[in-house]
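This report concerns only the one structure given below.
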Amino acid sequence: MRKNTSDGRLDRDTFTRLYRENVEGIQRYLARRVGDPFLAADLTAEVFLAAIESTARFDAKRGTPRAWLFGIAKTVVAADARRNQRDQDVVRRISGRALVNDCDLARMHERIDAARLSDALDRALDRLAPGEREIFELVAFDELSVAEAARVAKIRPTAARVRLHRARSRLKGELANTPLTATTIRELS
C-alpha cells in the first residue's frame with residue numbers, strides 16, 4: 001500500500017493487485033447486505049472508487065488494506081440504505097398505493113421459496129445480538145481474520161473474539177435440532 005503517486009494515491013499496479021485480491025470478498029459482503037446482485041456490483045464499484053479517492057488517508061498502523069476496504073464497504077452500504085429510504089419516502093408520497101401485477105406476484109413467490117431454504121439459519125442469525133452477528137458474518141462469510149473483523153466493527157480484537165465465541169455457541173444451540181445440523185455445526189466450530 002505504500003506505492004503512491006505524487007498526489008498520494010495508489011499507483012496503478014498496487015491498486016490493481018489490491019482490487020484483484022479483494023473484489024470477490026467485497027462483492028459477497030455487499031450482496032448479503034443488499035440482496036440484489038446488480039446493486040451489489042454497483043456498490044462494489046463505489047467501494048473501490050472511494051478507496052482510490054482516500055488512499056492518502058490509509059494508515060497501515062490502524063489495520064490491513066482488506067479491513068480498510070471492508071470498512072469502506074460498510075460505509076457505502078449505510079449510505080445506500082439512507083438513499084433508498086429517502087427515495088422510498090418520495091415515491092410513497094407521490095404514488096399512493098400501487099397495484100400488484102403478475103410479475104410482482106411471481107417475484108414474491110420466488111422470494112418466499114428462497115426464504116424457506118435458509119429459514120432456520122436466518123432465524124438463528126436474527127437471534128444474535130447485532131454486534132455478535134456482524135463479527136460472525138465478517139469472519140465466517142467474508143473470511144476476515146478476527147483482528148480484521150474487529151477493525152471493521154471498530155472494536156478491540158479481544159471483544160471481537162468474545163462476540164465470535166458467543167455467536168458460535170448460540171448458533172450451535174439454535175441449530176441443534178434442524179436439518180442443517182450436520183454441516184452447519186461443523187462449519188461453526
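Assigned to a loop (DSSP other than H, G, I, E, B), at pLDDT 85 or above, farther than 28 Å from E21 by Cβ and not assigned by TED's automatic domain parsing to the domain that holds K74, is that true of L144? For L144, the condition - assigned to a loop (DSSP other than H, G, I, E, B), at pLDDT 85 or above, farther than 28 Å from E21 by Cβ and not assigned by TED's automatic domain parsing to the domain that holds K74 - is not met. Test I155 against the stated conditions and say whether it is at pLDDT 90 or above, under 18 Å from the mean Cα position of the chain (by Cα) and not in a helix (DSSP H, G or I). When the stated conditions are applied, I155 passes them. Contact map, segment 19-34: residues that are within 14 Å of E137 (Cβ to Cβ) paired with residues that are exposed (fewer than 15 other Cβ atoms within 10 Å of the Cβ) and at pLDDT below 95, Cβ distance under 7 Å, separation 6+ or inter-chain. Pairs shown: G25/E143; R28/F141; A31/P37; R32/F141. Evaluate segment 56-68: report whether one residue or more is modelled with pLDDT of 90 or more and acidic (D, E). Taking every residue of segment 56-68 in turn, none turns out to be modelled with pLDDT of 90 or more and acidic (D, E). The single condition among (1) buried (at least 18 other Cβ atoms within 10 Å of the Cβ); (2) under 25 Å from I155 (Cα atoms) that A40 does not meet is (2). Pick from segment 118-129 the residues that are surrounded by fewer than 15 Cβ atoms within 10 Å (Cβ to Cβ) and under 24 Å from E24 (Cα atoms): which of them is modelled with the lowest pLDDT? Checked segment 118-129; the qualifying residue modelled with the lowest pLDDT is S118.
Please name all residue pairs, on different chains or six or more residues apart, with Cβ atoms under 7 Å, provided the first residue is in segment 141-156 and is touching a residue at least 24 places away in the same chain (Cβ under 8 Å) and the second residue is in a helix (DSSP H, G or I) and among the charged types (D, E, K, R). Close Cβ pairs satisfying both conditions: F141/R28; F141/R32; D142/R28; L144/R66; E148/R66; V152/K74. One residue stands out in segment 47-62 among those that are under 18 Å from the mean Cα position of the chain (by Cα) and surrounded by 18 or more Cβ atoms within 10 Å (Cβ to Cβ): the one that is farthest from R107 (Cα to Cα), namely A51.
The values are calculated or read from the model by the stated rules, or taken from the named source; none is laboratory data. The shown structure was predicted, so the numbers you read here are calculated from the model rather than taken from an experiment. As a convention, Cβ positions derive from the backbone with ideal geometry for all residues, glycine included, and neighbour counts pool all protein chains shown.
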